[in-house]
Every structure is written in C-alpha cells, then in structure tokens.
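The values are calculated or read from the model by the stated rules, or taken from the named source; none is laboratory data. Remember, it's a predicted structure, so these values are computed and weren't measured experimentally. Cβ coordinates were reconstructed from backbone atoms using ideal geometry, including for glycine residues, and neighbour counts include every protein chain displayed. These area figures cover heavy atoms from the full protein model, side chains too; ligands, DNA and RNA do not enter into them. Shrake-Rupley method; radii C 1.70, N 1.55, O 1.52, S 1.80 Å.
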Amino acid sequence: MGNATRLARLLALAMGVLGAGIVFTGIGEAQDRVGLKSLRGDLGLEDTNPPPGLTRQETPADGMFSRAYRQQPPLIPHRIEGYQISKDYNQCMTCHDWPAHLKAGAPKVSETHYSDREGNRLDKISGTRFFCTACHVPQADAKPLVTNTFQNATEVK
Ligand code: HEC
Ligand code: HEC
C-alpha cells in the first residue's frame, strides 16, 4: 500500500471518529432538552447503586398501586421472577386460586376469571385468564423518564 493511500485511510478514520463524537454530543444535548435521565441517576461511574429490594416491588406507602380506572387489571405489588406459567402449570394460582388464597393470605382472582367466553361459570381458572401476565404487570414506583400529563380517572372528573 502506498504512503498516500495509507494517509488517506487514516484521515478518513479520524474524520469518522470525529463525526461520531459530534453525533453523540448532539444526542446528549437533545436528552437534556427533553429532561431525559439515565436510569443510574446522578451517580458517578465509580459509584454503585444500592441493590433493588429482593422480595417486594417498591410500592407506595399503603402497599398497593391504586387502579388508574375502574376496569384496570390491578398491578402486581410483588415480584414475579421465577413464578412459572406454562401450558400445564400456573404458579400464580397456588396463591390466588380459591381456596388456596386463604392460606396464602393473597386476594382471590376476580370471579370474572372463572367464567369462559360464553359466560359459563367454571371451577377452574378460565383459559381466557390463564396467562396472567398478559394483563397484570408488576410495577416499581419508578419516576417517569420523560414527563407526561397522564391523569387517572378520578383526577379528570
Ligand atoms: C406466594 C404467593 C403468591 C404467588 C405465587 C403470587 N402472588 Fe400475587 N399476591 C400475593 C399476595 C400475598 C398479594 C397481596 C399483596 C401483597 O401483600 O404483596 C398478592 C397480590 C397480587 C395482585 C394485586 C391484587 C389487587 O387486588 O391489587 C395481583 C394482580 C397479583 N398478586 C398477581 C399475581 C400474578 C400474576 C402472579 C404470578 C405471576 C402472582 N400474583 C403470584 C401472593 C402471591
Ligand atoms: C384478560 C386479562 C386478564 C388476565 C389474563 C388475568 N386477569 Fe386478573 N384481572 C383482570 C381485570 C380486568 C381485573 C379487574 C376487574 C375484574 O375484577 O375482573 C382483574 C382482577 C384480578 C385480581 C383482583 C381481584 C379482586 O377481587 O380485587 C387478582 C388477584 C387477579 N386479577 C389475579 C390474576 C391472576 C393470578 C391471573 C392468572 C391466573 C389473572 N388475574 C389473569 C384482567 C386479567
């Protein structure tokens, strides 16, 4: 390879790096403008965040997230890592089925969860409600990364 070609390649590489730098600075500025924050907060790179709680979601003082509107599937106030839901087994129901819920001290699934789509009342959880996490999600008391003006059903009244 001739010296001239090598120089040209080096130059192109340097411009590439410079260019990328400019693009990244641009993104940083845009993030500042919309108020975006990194998940690690204001901690420096050398510092370590405190670990999240092991057994519970971070819930409000009364222990539950209230529903934003009446028909909302309630948010799960506990962690669900490791709770298996497969075709044949639903670990959630070991605590939320009737009458197992009494011993577990957990709320029973809603009565609606024991009706099939034709309205027949069943003894077991309905197939339409089997995959709990299609509707119920755990939530941490996380501050929104981007500010928004969402109001729940009681606030807009
Ligand atoms: C070991 C027992 C146990 C298991 C397993 C369990 N839960 Fe719970 N769940 C509870 C208890 C106890 C509560 C009551 C709130 C609390 O103390 O955290 C609760 C509360 C809830 C609530 C809130 C109900 C309301 O009215 O606000 C939902 C939704 C829920 N669980 C869904 C699930 C789902 C989905 C799974 C499976 C992925 C699951 N749970 C597995 C014990 C359990
Ligand atoms: C298709 C969506 C959907 C699925 C799937 C679903 N749920 Fe629900 N769940 C809801 C809705 C909506 C409500 C609140 C309205 C109601 O009572 O039907 C609710 C209510 C609940 C409640 C509160 C009951 C009460 O009386 O306050 C619990 C506990 C619960 N669900 C657990 C579960 C579990 C465990 C599963 C999985 C076996 C599950 N749900 C599957 C939508 C769903």
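Numbers below:
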read-out: Sole residue being of a type in the set (S, T, Y), touching a residue at least 40 places away in the same chain (Cβ under 8 Å), open to solvent by 50 Å² or more (accessible area, probe 1.4 Å) and within 22 Å of Q71 (Cβ to Cβ), chosen from T128, T112, T133; value: T133
read-out: Matching residues in region 76-102 - criterion: being in a loop (DSSP other than H, G, I, E, B), over 11 Å from F130 (Cα atoms) and not polar (S, T, N, Q); value: P77, R79, I80, E81, G82, Y83, D97, W98, P99
read-out: Yes/no for T48 being farther than 29 Å from A134 by Cα and either modelled with pLDDT of 70 or more or not acidic (D, E) (or both); value: yes
read-out: Residue within region 123-145 that is within 24 Å of D62 (Cα to Cα), assigned to a loop (DSSP other than H, G, I, E, B), more than 8 Å from ligand 1 (Cβ to nearest atom) and modelled with pLDDT of 95 or more present; value: yes
read-out: Cross-chain or 6+ apart pairs with Cβ under 9 Å, region 76-96 first and within 15 Å of S126 (Cα to Cα), then among the aromatic types (F, W, Y) and open to solvent by less than 70 Å² (accessible area, probe 1.4 Å); value: I85/F130; K87/F130; N90/F130; M93/F130
